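The values are calculated or read from the model by the stated rules, or taken from the named source; none is laboratory data. None of these values were measured; they are calculated from a predicted model. Cβ coordinates were reconstructed from backbone atoms using ideal geometry, including for glycine residues, and neighbour counts include every protein chain displayed.
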Amino acid sequence: MSSRFTHLETAVLDALAWELRDVAPDLAGQFAESLPGQRRNTGSGLFTELIVDRTRPAPLTTPTGRFGTVHAMVGDLPDPVAFQVELRAGRLLYLLGDAYGQDTRDIDFATVPFDQVFTIDAQGESVAFDPAALMPPSPLLDLHAWPDPAPPATLETPLVNVDALQRVRNASPPDPLSTLFTTQTTDTAPAGDHESRTSLLIGVWVVIAVVALIATLVFRLPFAIAVFGAVILGRWVRTPAILSRIQGLVETWGNREFKPPRT
């Protein structure tokens, strides 16, 4: 509604727009896009000309006549004043106020206080006009609501209870080559001792491979038997007891002092 309308005009025009929403559905839009023209205190009411924007589309309905049962208690008047709008082919022309013969010549309708705006229903009962209750906010207002985005969900790894059988199934099979060529040493062995045993074990495997090759080429031993025997010896010599004994023999042999022959 234009701010050029008085508080009384605005209140009764809003009530008339709600009451006549079925008779003239675009009446509220005409009110919003209109300007006040001539105003008169008729001595027993009021008269306000309403100038609707000429570029506005034609009304959806075309009623002609005076419509509305809006009333309000105005100033010190003992009885309410009735308000109606006059339409011509659906187009808004005037706002009319009728004080039922009460003298309004001393009332300034631009500033006069008023209250108890109501309508009259089909049974003749008064119905209070409550804009907050009768005209809820437009659903278009929801389009302007921007709720705070929800924080992204934290991906957590679910806890899975895996029994002993499932752990065995999930475990990858051991590499046979790593099993064959891995020395069995304790975690408490020094790093230098571990390296020396590894070197010794590699040397022993080389000797076993050479012996198997000689047995195959020289003594005509079947290749499959030679390989099988080499694998068995390789697994046997990597046991801690046998490897320690071999290492002791090697160290004893290495510590022997070389004595040249006497001439």
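Identify, by number, the condition in (1) crowded, with 19+ Cβ neighbours inside 10 Å; (2) farther than 20 Å from ASP130 by Cα that THR55 doesn't meet.
Against the list (1) crowded, with 19+ Cβ neighbours inside 10 Å; (2) farther than 20 Å from ASP130 by Cα, THR55 comes up short only on (1).
Any residue in segment 220-236 that's at negative phi and β-branched (Val, Ile, Thr): show its pairings with residues that are surrounded by 13 or more Cβ atoms within 10 Å (Cβ to Cβ) and assigned to a helix (DSSP H, G or I) at Cβ separation under 8 Å, as long as the two are six or more apart or on different chains.
From segment 220-236, the pairs are VAL227/ALA212.
As an exercise: evaluate VAL218 against (1) at pLDDT 75 or above; (2) surrounded by 11 or more Cβ atoms within 10 Å (Cβ to Cβ); (3) aliphatic (A, V, I, L, M) and give the number of the one condition it does not meet.
(2)
Could you check, for segment 79-98, whether at least one of its residues is of a type in the set (A, V, I, L, M, F, W, C), in a loop (DSSP other than H, G, I, E, B) and crowded, with 16+ Cβ neighbours inside 10 Å? Even if it seems obvious, please write down each step before you answer.
At the first step, the residues of segment 79-98 found to be of a type in the set (A, V, I, L, M, F, W, C) are 81-83, 85, 87, 89, 92-93, 95-96.
Subset that is in a loop (DSSP other than H, G, I, E, B): 89.
Add one more test, that the residue is crowded, with 16+ Cβ neighbours inside 10 Å, and what stays is none.
No: zero hits.
Applying the selection to segment 57-87, what residues are farther than 23 Å from PRO113 by Cβ and either among the charged types (D, E, K, R) or outside the structural domain of ARG105 (by TED's automatic domain parsing) (or both)?
Hits for segment 57-87 are ARG66, GLU86.
Determine which single condition THR61 fails, assuming it passes every other condition in (1) of a type in the set (S, T, N, Q); (2) modelled with pLDDT of 95 or more; (3) closer than 25 Å to PRO131 by Cβ.
Of (1) of a type in the set (S, T, N, Q); (2) modelled with pLDDT of 95 or more; (3) closer than 25 Å to PRO131 by Cβ, only one is false for THR61: (2).
Looking at (1) within 17 Å of ASP130 (Cβ to Cβ); (2) touching a helix residue (DSSP H, G or I) at 6+ places or on another chain (Cβ under 8 Å); (3) surrounded by fewer than 16 Cβ atoms within 10 Å (Cβ to Cβ), which is the only condition THR10 fails?
It fails just one condition, (2).
Would you confirm, using the coordinates I've provided, whether ARG54 is in the same structural domain as GLU125 (by TED's automatic domain parsing), in a strand (DSSP E or B) and more than 20 Å from GLU125 (Cα to Cα)?
So ARG54 does not fit the description; no.
Is one or more of the residues making up segment 34-44 within 23 Å of ILE120 (Cα to Cα) and assigned by TED's automatic domain parsing to the domain that holds GLY124?
yes
Out of the residues in segment 116-148 that are among the hydroxyl-bearing types (Ser, Thr, Tyr) and surrounded by 12 or more Cβ atoms within 10 Å (Cβ to Cβ), state the one that is modelled with the lowest pLDDT. Spell out the reasoning first.
Our first condition is that a residue be among the hydroxyl-bearing types (Ser, Thr, Tyr); within segment 116-148, this holds for 119, 126, 138.
Filter again for surrounded by 12 or more Cβ atoms within 10 Å (Cβ to Cβ), leaving 119, 126.
On the way: THR119: 96, SER126: 93.
Ranking the qualifying residues of segment 116-148, first place goes to SER126.
Under the condition of being among the hydroxyl-bearing types (Ser, Thr, Tyr) and either modelled with pLDDT under 95 or outside any strand (DSSP E or B) (or both), which residue from segment 13-51 is surrounded by the fewest Cβ atoms within 10 Å (Cβ to Cβ)?
THR42
Out of all the residues in segment 196-247, which are charged (D, E, K, R) and assigned to a helix (DSSP H, G or I)?
Residues of segment 196-247 that are charged (D, E, K, R), as a first pass: 197, 220, 235, 238, 245.
If the condition is that a residue be charged (D, E, K, R) and assigned to a helix (DSSP H, G or I), then ARG197, ARG235, ARG245 are the ones that fit.
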